[in-house]
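The values are calculated or read from the model by the stated rules, or taken from the named source; none is laboratory data. Quantities reported herein were computed from a predicted structural model and do not represent experimental measurements. Side chains are part of the model used for accessible areas, which takes the heavy atoms of the whole protein and leaves out ligands, DNA and RNA. Shrake-Rupley method; radii C 1.70, N 1.55, O 1.52, S 1.80 Å.
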Amino acid sequence: DRQHMFRLLSSGIQSAGFALSATSQRFVAMAAAASTKLYIGNLSWDTRKEDLMDLFSKYGSVEDAFVASDRDTGRSRGFGFVTIEAEGAQQAISEVNETEFMGRTIRVNEAQPRGEGGGGKCANQTSHSKSEFNQGLLHETDGVPCAFPRR
């Protein structure tokens with residue numbers, strides 16, 4: 001696992017006669033303590049980052065919590081992210097996903113890098129990429145026009 005790999009790297013560098021600086025030692029320690037970013041959806045408009053930190057802290061050390069807000073109005077967008085120790089992430093997903101939190105049934109899963117989600121299917125059940133979805137590309141399947149909505 002990642003922790004073992006970083007410990008081996010650190011001990012290999014030191015046994016070769018090189019000393020690790022304090023900064024390098026901190027980097028090795030941080031890298032060894034791998035973390036996982038979780039996506040939390042369907043949040044109440046009243047949810048704050050402190051609420052997410054409290055909810056997920058029972059599953060491991062929470063490094064960061066973020067609740068997305070509209071840049072113009074400042075109002076919550078109903079989703080957020082929590083970065084938590086990798087060891088507790090799967091347990092948090094299985095125990096918190098589809099549970100009620102602050103009056104809403106929330107969704108919890110491992111966050112995906114930007115650009116890997118989205119898209120969807122049109123009326124013809126044809127899968128479209130996020131780019132095609134955003135462009136509102138049209139096509140026909142067996143003479144049936146695509147009813148893919150333009151954004």
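A few points about this structure:
- Backbone amide hydrogens, once placed in the peptide plane, bring ASP64 within less than 5 Å of THR83, excluding anything fewer than 5 places away on its chain.
- In Å, descending, principal axis extents of the Cα set of the range 35-110: 37, 22, 18
- Accessible surface of the range 35-110 [probe 1.4 Å, protein heavy atoms]: carbon and sulfur percent: 41 percent
- Distant-in-sequence amide H partners of SER69 (H built 1.01 Å from N, under 5 Å): ARG77
- In percent, rounded to a whole number, the relative contact order of the range 40-121 is 33, using alpha-carbon pairs under 8 Å and six or more apart.
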